[in-house]
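Here's the structure we're looking at; comments come further down.
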Amino acid sequence: MFERPEGEEVTATNILEVPPAGAPPSLIPRQTIYIDSVGIRVTRQRVDVFVNEVDEDSHNLVEQVCLRLIKTLPHTPLGPVGINFAFVHSDPDTEPLDKLKIRDSIHQHYKIQGCSLTSTIEEENDVQLNLTILDYS
């Protein structure tokens, strides 16, 4: 995938994502392996490719890796392709967050382990912007 000569020693970084305390049991730990600035995560359902640098060299490298994946696994179906950004704020301002909460009062009847709210915004050229807010408090 990275066009390295056979036998060349490669430094890789292994990232293990552990779900936050209180997250639903369906969220399992996920492992991503980074070589250079490109990360790859393989699960039973999909292959995710990541880049953590927003520059032309990193984008070119991730594009090459994706093209090699497609050539190596031609039988694998392709799904939606997108660019995801994640932001975690440890001490968010509660006023705007309160406006984004679902007001169905279900928490009065059940213990809620987690909640997500997704808005899909239509952009130009058949592009969709998904904004998802996760709350495990």
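The values are calculated or read from the model by the stated rules, or taken from the named source; none is laboratory data. This structure is a prediction, so every number in the text was calculated from the model and none was measured. A quick note on method: Cβ atoms are made from the backbone with ideal geometry, for glycine too, and the neighbour counts reach across all protein chains shown.
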Identity of the residue in region 13-39, within 20 Å of ASP55 (Cα to Cα) and small (Gly, Ala, Ser), that ends up modelled with the highest pLDDT: GLY39
Output for region 43-69, where each listed residue is surrounded by 14 or more Cβ atoms within 10 Å (Cβ to Cβ), in a strand (DSSP E or B) and either out of contact with any helix residue (DSSP H, G or I) (no Cβ under 6 Å at 6 or more places or on another chain) or of a type in the set (Ser, Thr, Tyr) (or both): PHE50
Failed item, numbered, when VAL54 is tested on (1) more than 21 Å from the chain's Cα centre (by Cα); (2) within 27 Å of GLU3 (Cβ to Cβ): (1)
Enumeration of residues in region 20-51 that are touching a residue at least 40 places away in the same chain (Cβ under 8 Å) and in contact with a Ser or Thr (Cβ under 9 Å, 6 or more places away or on another chain): GLY22
Number of positions in region 74-87 that are free of Cβ contacts under 8 Å to residues at least 24 places away in the same chain and over 17 Å from the mean Cα position of the chain (by Cα): 3
Selection from region 74-125 of residues that are touching a strand residue (DSSP E or B) at 6+ places or on another chain (Cβ under 8 Å), part of a loop (DSSP other than H, G, I, E, B) and surrounded by 10 or more Cβ atoms within 10 Å (Cβ to Cβ): THR76, LEU100, LYS101, ILE102, GLY114
